[in-house]
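Reading through the structure tokens given below for one structure.
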Amino acid sequence: MTQTLTLRRPDDWHLHLRDGAMLKAVLPESARHFARAIIMPNLVPPVVTAADATAYRDRILAALPEGSAFEPLMTLYLTEHTDPADLRAAAESGLIKAVKLYPAGATTNSHGGVRDLDKVRAVLEAMAELGLPLCIHGEVTMPEVDIFDREAVFIDTVLDPLRRTTPGLRVVMEHITTSEGVAYARAGGPDLAATITTHHLVINRNHILVGGIKPHYYCLPVAKREQHRLALREAATSGDARFFLGTDSAPHMDALKEHACGCAGCFTATNTLSILAEVFEQDGALGKLEAFTSLNGPAFYRLPVNEGTITLTKGDPVAYPSKIDTGEGQVTVFDPGFPLHWRVA
Ligand code: NCD
Ligand code: ZN
């Protein structure tokens with residue numbers, strides 16, 4: 001008997017689509033399964049104004065496959081020069097669904113990010129009033145802090161003080177990678193949630209470094225020790241409404257990943273749902289998959305759940321392409337390292 005699993009159509013609450021040839025190549029990989037996605041604004045140059053977000057949204061819609069109803073949920077990239085009035089208008093018109101905070105220098109294309117949070121106080125206060133979520137890349141950037149400690153240090157020294165000084169600010173801790181992140185999100189009350197990526201449920205730091213360096217497993221925040229991966233698995237599969245899927249699918253051309261100074265990012269859009277079904281099944285939690293992929297995110301973002309459904313069926317291992325061709329280079333699809341038995345019908 002075939003096993004099937006029907007879910008409300010899922011959303012991706014953290015996605016990098018890029019632009020140009022890359023956008024055209026990777027967008028169908030997300031639009032095939034996901035109804036909506038929160039679109040990261042770290043283009044070069046970044047999406048900082050309402051006008052930038054409108055133009056980017058139009059480029060995404062123009063790149064969609066014929067007939068696709070995929071809805072890009074736009075965000076603005078917070079800078080020390082963000083105009084609170086522009087942001088307010090963008091939120092009130094429904095154009096943007098969140099604002100992204102990158103500490104300057106934390107990750108790919110983040111040099112225009114925020115150095116001094118006092119300079120964005122007026123924006124944060126407007127956001128608290130609007131109920132507009134702030135999506136935070138939660139890593140400190142000081143050279144003296146070890147890369148594996150940067151998330152935990154950020155929570156204590158930046159995130160917690162920020163939330164105390166801006167009551168009512170709604171925050172998404174993006175792509176958490178540690179047990180400290182899980183614990184902080186759990187204790188945070190109704191204005192706090194956390195996204196978890198597919199790849200951080202699958203790999204720990206050994207996968208990146210043991211037996212030769214694996215550039216396609218390198219992303220930021222970098223995968224941590226096994227105990228942290230297990231804490232993320234427990235959080236994601238618990239059904240707890242504070243945790244939901246943000247794939248952080250972050251394509252880079254192979255030539256830039258397989259490089260002496262390789263870019264950070266795992267590209268998981270293509271096989272994410274198959275991987276998640278396998279992971280939840282391994283943990284005896286298939287019944288909690290829908291909460292993680294399709295229910296908890298809309299609840300936090302105060303958006304309706306999707307009307308449609310998708311059905312996964314279990315059978316012989318599914319063969320996914322190992323690479324996606326963009327016409328300007330190839331992008332490697334994340335390899336979970338185990339067979340995937342669940343396919344999206
Ligand atoms: C992202 C990218 O490539 O834009 N990279 C990554 O490793 N996740 C940026 C980010 O989300 O940190
Ligand atoms: Zn990201």
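Every read-out reported here was derived from the displayed coordinates using simple, explicitly stated rules and does not represent laboratory data. These numbers come from a predicted model, not from an experiment. All Cβ positions, glycine included, derive from the backbone under ideal geometry; neighbour counts span all protein chains shown.
Points worth noting:
- In this structure the amide hydrogen of Ala98, modeled in the peptide plane, comes within under 5 Å of the amide hydrogens of Leu76, none closer than 5 places in sequence on its chain.
- Pair Ala260, Asp146: separation of 7 Å Cα→Cβ label points (nm): 2.8
- GNM flexibility winner over the chain from Met142, Met22, Met74 (Cα, springs under 10 Å): Met142
- When DSSP beta bridges are restricted to pairs lying wholly in the chain, around 35% turn out antiparallel.
- Rounded, prolate or oblate (a/c below 1.5 giving rounded, otherwise prolate when a/b exceeds b/c) for the range 3-344 by Cα gyration tensor: rounded
- Measuring r between the beta carbons of Thr157 and Asp316 and using R0 = 51 Å, the FRET efficiency lands at 0.55.
- Phi to ³J(HN,Hα) by Karplus 6.51 cos²θ - 1.76 cosθ + 1.60 over the range 141-156, Hz, x for Gly, Pro: 10, 5, x, 6, 9, 4, 4, 6, 9, 5, 6, 4, 5, 4, 4, 6
- Label-point gap, in nm, between Leu95 and Glu328 - each point 7 angstrom along Cα→Cβ: 2.5
- Nearest-ten-degree value, helix 272-282 long axis tilted from longest Cα axis of the chain: 70
- Residues in the range 90-104 carry Karplus couplings, in order, of 5, 6, 5, 7, x, 5, 10, 10, 6, 10, 10, 9, 10, x, 3 Hz; the curve used is 6.51 cos²θ - 1.76 cosθ + 1.60 with θ = phi - 60°, and Gly or Pro positions show x.
- Between 0 and 90°, nearest 10: helix 226-237 axis offset from the chain longest Cα axis: 90
- Counted residue by residue at 0.36 nm each, then reduced by the alpha carbon distance between them, the extension gain from Leu130 to Ala62 reaches 21.5 nm.
- Distant-in-sequence amide H partners of Gly239 (H built 1.01 Å from N, under 5 Å): none
- Centre-to-centre separation between the Cα atoms of the range 28-59 and those of the range 276-302: 24 Å.
- Interchain or long-range residues, amide H under 5 Å from Leu17's placed H: Met40
- Considering helices alone, the calculated mean residue ellipticity of the chain at 222 nm is -8000 deg cm²/dmol, with DSSP H runs of length four and up weighted by -39500 (n - 2.57) and normalised per residue.
- Between 0 and 90°, nearest 10: helix 121-130 axis offset from the chain longest Cα axis: 60
- The alpha-carbon of Lys323 sits under 25 angstrom from the alpha-carbons of these lysines, leaving out residues fewer than 8 places away in its chain: Lys24, Lys214, Lys257, Lys314.
- Working from label points 7 Å from Cα in the Cα-to-Cβ sense, the Ala299 to Val44 distance is 4.1 nm.
- Phi angles of the range 73-89 translate, via the Karplus equation with coefficients 6.51, -1.76, 1.60 and θ = phi - 60°, into HN-Hα couplings of 9, 7, 9, 10, 8, 6, 10, 5, 10, 4, 8, x, 5, 5, 5, 4, 5 Hz per residue; Gly and Pro are given as x.
- Cα gyration tensor, the range 293-336 - rounded (a/c under 1.5), prolate or oblate: oblate
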